[in-house]
Amino acid sequence: MFRRSKNPSNASSRTSSVDSLESLGLQDLMNENIETIAQSEAIDLEPNIPTDTALVPEYYKNFTLNHPLGNLLLRLTSMNVDLCKKSNIAKHDIPEIDDVCKSFVDFIKLERNKVNSRVNKAAINLEDQILNKELNFHNLNTPVKPPTVFSQVPVITTPAKMAEVIKTFPTKSSQKFSGSSNGVNILEFLNAMNTSQQLMNLSKPEFLQVLLKCVSGRVYGMVMECVSYDHDIPDLYHSLLTLYDNRISAANARRILMSYKAPKNSTLTKVQSYILELASRIASQLPVGKSRTSMFNLESSNALIRALPHYSATLATNVMNTLAAKLE
């Protein structure tokens, strides 16, 4: 329970505040609004200013009184006005209640416009992020991730720097990628490009220009067209991998692994190596992380059990169940 203050100065200040409100013609209006607040569950505080000019000042007062912060502001303003009158301050220096109410409504409108602007901007950014994810879903499981760190300013500014870049990137004839079966494969080439970019940290335009120096033949024409069409580097990597990654697909790897049996003249090491290669291709369907690792372990373990002879498969199954029981 709160105790009523017995301090006469406090009582006099409250009395002067009430008198000031009455002198400003706001006491009755404030009492009516307090009753309205107590009886209603929610009050519409949206500042929709009426078109009738005569109703505008009254609207400002009603809106400010209905607002919790505005109600407090009017009380403080009325006390300030009362103190100004007692102190014989010039009338033009005393704040007008109508001006205070109008300023408060303008402030609320300004803040709400800021909030709406932020919400709209966040919604647009969210839509763009969702659209980009849908359009770039093919880059999620790419076997070679493109470089993501680039310089914001040009790096190749001198002939010496250009010579250093040429030595670092795979620009030699034996290192260039041409798509030929006799040359380097696409995975080796793209990984070499990524490693060189980490060392030199070129800008995006410079990286694309150096990439043109690292390819030849039909690949050069394709890369040059992609650069002229302003394709992103991830899209360029995806195009190269789609055309020149000749590894077995995940679906074919699963089909072969399901029916694979260990040859009698083979060794356990060779069988395991072959199974791990196929299981890796199957697991590549999932994004890098725990799910891909779990799928790789499951596929390789089950494939090894299926590939072994009956007695060896039984032993492998018992060992697998024992290890699983220990991990629980």
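The values are calculated or read from the model by the stated rules, or taken from the named source; none is laboratory data. Small disclaimer: the values here were computed from a predicted structure and weren't measured. All Cβ positions, even for glycine, are placed from backbone atoms using ideal geometry, and neighbour counts span all protein chains on display. Keep in mind that these areas ignore ligands, DNA and RNA; they rest on the heavy atoms of the full protein, side chains included. Shrake-Rupley method; radii C 1.70, N 1.55, O 1.52, S 1.80 Å.
Name the one entry in VAL288, VAL319 that is open to solvent by 80 Å² or more (accessible area, probe 1.4 Å), outside any helix (DSSP H, G or I) and not hydroxyl-bearing (Ser, Thr, Tyr).
VAL288
Between a first residue in the range 301-328 that is more than 18 Å from SER273 (Cα to Cα) and touching a residue at least 24 places away in the same chain (Cβ under 8 Å) and a second residue that is among the polar types (S, T, N, Q) and open to solvent by 80 Å² or more (accessible area, probe 1.4 Å), which pairs have beta carbons less than 9 Å apart while being 6 or more apart in sequence or on different chains?
Qualifying pairs under 9 Å: none.
Residues checked against (1) among the acidic types (Asp, Glu); (2) touching a residue at least 40 places away in the same chain (Cβ under 8 Å); (3) open to solvent by 90 Å² or more (accessible area, probe 1.4 Å); (4) touching a Gly at 6+ places or on another chain (Cβ under 7 Å):
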residue: ILE108; (1), (2), (3), (4): no, yes, no, no
residue: ARG112; (1), (2), (3), (4): no, yes, no, no
residue: VAL119; (1), (2), (3), (4): no, no, no, no
residue: ALA122; (1), (2), (3), (4): no, no, no, no
residue: GLN129; (1), (2), (3), (4): no, no, yes, no
residue: VAL144; (1), (2), (3), (4): no, yes, no, no
residue: VAL149; (1), (2), (3), (4): no, yes, yes, no
residue: ALA160; (1), (2), (3), (4): no, no, no, no
residue: LYS167; (1), (2), (3), (4): no, no, yes, no
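Would you check if ALA262 is of a type in the set (Gly, Ala, Ser), over 33 Å from the mean Cα position of the chain (by Cα), surrounded by 12 or more Cβ atoms within 10 Å (Cβ to Cβ) and modelled with pLDDT of 90 or more?
Considered against the rule, which asks whether it is of a type in the set (Gly, Ala, Ser), over 33 Å from the mean Cα position of the chain (by Cα), surrounded by 12 or more Cβ atoms within 10 Å (Cβ to Cβ) and modelled with pLDDT of 90 or more, ALA262 comes out as yes.
If a residue must be open to solvent by 60 Å² or more (accessible area, probe 1.4 Å), closer than 15 Å to VAL149 by Cα and charged (D, E, K, R), how many such residues does the range 190-249 contain?
Qualifying residue count, the range 190-249: 2.
In the range 160-169, is there at least one residue being at pLDDT 95 or above, assigned to a loop (DSSP other than H, G, I, E, B) and farther than 24 Å from ALA283 by Cα?
yes
Consider SER181 carefully, then state whether it is exposed (fewer than 13 other Cβ atoms within 10 Å of the Cβ) and under 27 Å from ASN141 (Cβ atoms).
yes
Restricting attention to the range 291-311, report how many residues are open to solvent by 50 Å² or more (accessible area, probe 1.4 Å) and assigned to a helix (DSSP H, G or I).
11
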